[in-house]
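No lab work stands behind these numbers, since they all come straight from the coordinates. Note that the structure is predicted; figures quoted are calculated from it, not measured. Cβ: placed from backbone, ideal geometry, glycine included. Neighbour counts: every protein chain shown.
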């Protein structure tokens, strides 16, 4: 099986790699299991030294790595550079804080003497070999936000990356090797999706994490469930962006555009559904549409490009189907809705705003993975919350209001893994990240994330009895 880098800006196949055969996969599994037995016994200072070294190397490679990311999946070069910088920051954050995050815990409201013990505490121990099945849209960041905490906890990692970013996957394999990690601590499995099940079912694999589509999550979760294996899933999202009358409208509009078209709209946590109170709807819609239409679509390597191509021809076709279904059922196209006529090569799509959305349209319930925004007019906060929650997804949410009572209501009632007020949903190493409903389960980042792949271990010392 061949795994290729295809430039989405041109459709040209640039490099082709041969997938690993079964013997090589077996060899890497064996190395991972062996490496865990050593890596789990290293102290936090040594783990931190290794991770800081990897961060330093990545920082030195930043320009080259950013160009590889842009070439493989199409995001504008400045966005790729920002992704690299975020990875460096997160690696250093975990190197600095993992020991404190995983320190032994005194049980809450637990009386040792009353329980007949001399001492008791909770310790977090690493689980073992963790398989990471990762997507192409943030090909470095998605991996690092798993790898940094997992390695600091004493686990080892196997990466099955998306097949359209093989150079990024191989770079990550090489990065941790150059940083001095023992062989087997982090390895890339350059294989197709059909090879995942056999790896998951291998008794040497202790856990799995997946970021990707709902079908991919269902498949991995089903196999892992059959094996009684711990999993963390971060799946699709169709995040609401609620705008109420008390919002600072200029800032809301500016942020709304960024939140929708970042990464050409190919982000699970991108704002996708813009739910606007009728008192400010007309002004918001006009200003939002004007800014979306003014974005520059083009070569992601070129200076001044706002929106690059979609990552694949199929991805663009899927997006076009959603738009065509909506317009056929009465949706109004305020801007975009087509392929840019000046770009004949590559998988580009114009930033698009659709209004008059109804529940019968597929785009109302399905995730639009591209630069397409849907607008909803609502009469009050109750309706805004109802529309926001009318989705199978619940990854995150954005809400623009300066009314404290509205903010408390939104925190209580929005069914999402995060509620971001007067700003754009983003991930940070110090805050937990993950969703509800069909957006998955478990958390990444922060102390919550590093503990996902740890065994929560009760340690108990019996009370000493007097010898008389």
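Under 18 Å from a point 7 Å along the Cα-to-Cβ line of residue 248: which residues of the range 275-313 have their amide N that close?
Under cut-off, by backbone N: 284, 288.
Counting other beta carbons within 10 Å of each Cβ, put 352, 90 in order, fewest first.
Working: 352 26, 90 23.
Ordered by Cβ neighbours within 10 Å, fewest first: 90, 352.
Could you give the length gained by full extension between residue 455 and residue 24, i.e. 0.36 nm per residue of separation minus their alpha carbon distance, to one decimal place? Mind dumping the intermediate values first?
Working: separation 431, 0.36 × 431 = 155.16 nm, distance 2.93 nm.
So the chain would gain 152.2 nm between residue 455 and residue 24.
Relative to the longest principal axis of the C-alpha atoms of the chain, give the angle of the C-alpha long axis of helix 62-73, reported between 0 and 90° and rounded to the nearest 10°.
In the chain, helix 62-73 runs at an angle near 60 degrees to the longest axis.
Give the angle, between 0 and 90 degrees and rounded to the nearest 10, that separates the Cα long axis of helix 214-226 from the longest principal axis of the Cα atoms of the chain.
20 degrees
If you average 1/r over every pair of different alpha-carbon atoms in the range 181-275 and take one over that average, what Kirkwood value in Å do you get?
Values: mean 1/r = 0.0609 Å⁻¹.
Hydrodynamic radius (Kirkwood, Cα pairs) of the range 181-275 is 16.4 Å.
Go ahead and estimate [θ] at 222 nm for the chain from helices alone: -39,500 (n - 2.57) per DSSP H run with n ≥ 4, summed, over the residue count, rounded to 500.
The helix contribution divided over the chain gives -13000 deg cm²/dmol.
Name all residues of the range 276-312 having a backbone nitrogen under 20 Å from the label point set 7 Å from the Cα of residue 405 along its Cα→Cβ direction, giving them as ranges.
277-280
Would you mind ranking 443, 260 by Cβ crowding within 10 Å, fewest neighbours first? Walk me through the numbers before you get to the answer.
Details: 443 20, 260 31.
Listing 443, 260 from fewest to most nearby Cβ atoms yields 443, 260.
Using mean Cβ contacts within 10 Å as the protection proxy, how do 117-128, 383-394, 335-346, 262-273 order, highest first?
Working: 117-128: 16.3, 383-394: 20.1, 335-346: 14.7, 262-273: 25.8.
Descending packing order for the listed peptides: 262-273, 383-394, 117-128, 335-346.
Which percent, nearest 5, of DSSP beta bridges in the chain are antiparallel? Intermediate values should be presented prior to the final figure.
Values: 24 of 61 bridges.
Expressed as a percentage, antiparallel bridges in the chain total about 40.
What value does the range 239-421 have for Rg/Rh, both radii from Cα atoms and Rh as Kirkwood defines it?
Working: Rg = 15.7 Å, Rh = 16.4 Å.
Taking Rh as the inverse mean 1/r over Cα pairs, Rg/Rh reads 0.96.
Sort 324-334, 103-113 by packing, meaning the average of other beta carbons within 10 Å per residue, with the highest value first.
On the way: 324-334: 16.4, 103-113: 10.3.
Packing order, densest peptide first, comes out as 324-334, 103-113.
Among 410-422, 305-317, how do they line up by average Cβ neighbours within 10 Å per residue, starting with the highest? Please report the intermediate quantities before stating the final value.
Details: 410-422: 18.2, 305-317: 21.1.
Put in order of decreasing packing, that is 305-317, 410-422.
Taking only the C-alpha atoms, wrap a convex hull around the range 1-119 and report its volume per residue in Å³ as a whole number. Don't skip to the end; give the middle numbers.
Values: hull volume 22.8 nm³, N = 119.
Taking only Cα atoms, the range 1-119 has a hull volume of 192 Å³ per residue.
Which angle from 0 to 90°, rounded to the nearest 10, does the C-alpha axis of helix 141-153 make with the longest principal axis of the chain?
For 141-153 against the chain, the angle is about 20 degrees.
Treat each spin label as a single point 7 Å out from the Cα along the C-beta direction, and report the residue 279 to residue 342 distance in nm.
4.1 nm
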